[in-house]
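Below you'll find the structure, written out as structure tokens, and then a few comments.
The values are calculated or read from the model by the stated rules, or taken from the named source; none is laboratory data. Quick caveat, the model's predicted, so the values are computed rather than measured. Positions of Cβ are generated from backbone atoms using ideal geometry, with glycine treated the same way; all protein chains shown enter the neighbour counts. Calculation scope for accessible area: heavy atoms of the full protein, side chains included, ligands and nucleic acids excluded. Shrake-Rupley method; radii C 1.70, N 1.55, O 1.52, S 1.80 Å.
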Amino acid sequence: MKYFVKKRIFAVVFLVAMFSFSAVNIYTNKDSFIKETEKHANEPTKLPSEYDELMKDKIYGKTELVETYGFTQKALGKKEFNDFSYVKDNNGFLYYSAFYRDEEKNIFECALRVKKLQNYVEKYGTKVLFVMAPSKYNRQYSDFSMGMPVNDPTEDTLEMMIYLNRLGVPNINLGEYIPNKDIPYDQAFFKTDHHWTVPAAFYCTKVMVDELNNLYGANLDPTGFYLSDEAYTKQEYKGQMLGSMGRSTGIVYSGLEDFTAYLPTFDGHYKRTYIMDDKETLEGPYSETLLNMEVLKPGIDYYVDSQYSLYVDQVTNLENIENLDNPNGPSVLMVRDSYFGPVIPFMAPMCSKIDAIWSLEKMDDMNVGEYIKQQYENGEKYDYLIVEYYPHNIEEDAFKFFRGDNNYED
């Protein structure tokens, strides 16, 4: 009898604690709940899922809970985190983990959609280049203990490039260019994030611009200034970077790392309109429009701001950037992910305009393919279309254009 009484007491205490914690969580985030309710007032069926995401993202005491869990994992000497959500190599680099593929990817369909996009924009004189960003995991440099189930996208990358070559889509695989003797592996990627570093992004911007110049005679940066060391000052920030993987595992487990910023030695005059949660417009010099200098200040909240967000806030659903000092430069449209965060500002001085769409955009009222069609039908002229993907994003849901249509010319 006492056994069941104890069980009932524990159940009551547990339920009271859970409901109390939920009540505190709702109260501390009440403004966010109100905002979501107003945002989806005409779509009430979406509110439960939005509330659920909000509760997960802004859970009360989340930072303390993550750090406590990370401390126990580090004390146990574990190289995997949270049931193999992440794995750590012997040099302290964090990676995505995978025991097996949940489903077979239709990578040819991804390549085919790029081909359809190419056929559509080429009718308007736009030249296309597909860019594969490098994978952080590299069999040659990543040092794991035997048996660690790291997520290796090498096969997906090679398969995508093979299909693009077969379909006649000009492409470049930046994983073939970094790491290199000038930018070794430990300087090309962050330990606590899946992104490349700013020096690696700058180097690959030069590679990509050379490719456009050689393929199409783009004549980007004809004086060679904007891709030279004289155009930017390298500023080191010691122990101030925490990436997305580090925010998931905690500072105690992953540690903080150094961040190198490239800050312009020139000003320029730019107008930037971007959409994330809301539409914002900025106008002024490079450092006030294309850079978020706030993330470089001491004392930032590492769980809120990442220094990688220095460049055009890392990624937004839609970017429209005008270089008011170079109205006769080439116009560029990009379909991209967060790897191109630093690349866009590096290219902006060479262009008259850059429009960039996030390939994983989550806006309810925008479709990537329809947006591109609308731009062209409204008379927008793009000289170049750059389609960029990170290897882990090679899946059908990230290619939101020309879906379910067998007509290449549509």
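Here the sum of -39500 (n - 2.57) over DSSP H runs of 4 or more residues, divided by the residues of the chain, equals -10500 deg cm²/dmol at 222 nm, to the nearest 500.
When each of the peptides 233-240, 261-268, 179-186, 313-320 is scored by the mean number of other C-beta atoms lying within 10 Å of its residues, the order from highest to lowest reads 313-320, 261-268, 179-186, 233-240. Per-residue Karplus couplings for segment 158-166, computed as 6.51 cos²θ - 1.76 cosθ + 1.60 with θ equal to phi - 60°, are listed in order as 5, 5, 4, 5, 5, 5, 4, 5, 5 Hz, Gly and Pro entered as x. The mean accessible area for residues of the chain, using a 1.4 Å probe and ignoring ligands and nucleic acids, is 50 Å² per residue. Packing-based ranking of 275-285, 203-213, 109-119 yields 109-119, 203-213, 275-285, ordered from highest to lowest mean Cβ neighbour count within 10 Å. Expressed as a whole percent, the accessible surface of segment 256-356 that belongs to carbon and sulfur atoms is 43, based on a 1.4 Å probe. If the chain linking residue 275 and residue 80 were pulled fully straight, counting 0.36 nm for each residue of separation and taking away their Cα-Cα distance, it would gain 66.6 nm.
Ellipsoid fit via the Cα gyration tensor, segment 193-307: semi-axes of 29, 19, 15 Å, each the root of five times an eigenvalue, largest first. Projecting the Cα atoms of 309, 334, 324 onto the dipole axis of segment 260-410, where Lys and Arg carry +1 and Asp and Glu carry -1 at the beta carbon, places 324 farthest toward the positive end.
Taking a label point 7 Å from the Cα of residue 293 along the Cα→Cβ vector, which residues of segment 310-354 have an amide N closer than 15 Å to it? Backbone N within reach: 310-312.
Take every pair of alpha-carbon atoms less than 8 Å apart whose residues are at least six positions apart; their mean separation over the length of segment 168-227 yields a relative contact order of 21 percent.
Rg over Rh of the chain, using C-alpha atoms and the Kirkwood radius, what does it come to? My calculation puts Rg/Rh at 0.99.
Just how far, in whole angstrom, is segment 247-322 from segment 123-171 if you go by their alpha carbon centroids? Going from one Cα centre to the other spans 26 Å. Cross-link pairs exceeding 29 Å between alpha carbons, from the set 78/234; 181/238; 35/381; 123/353: 78/234; 35/381.
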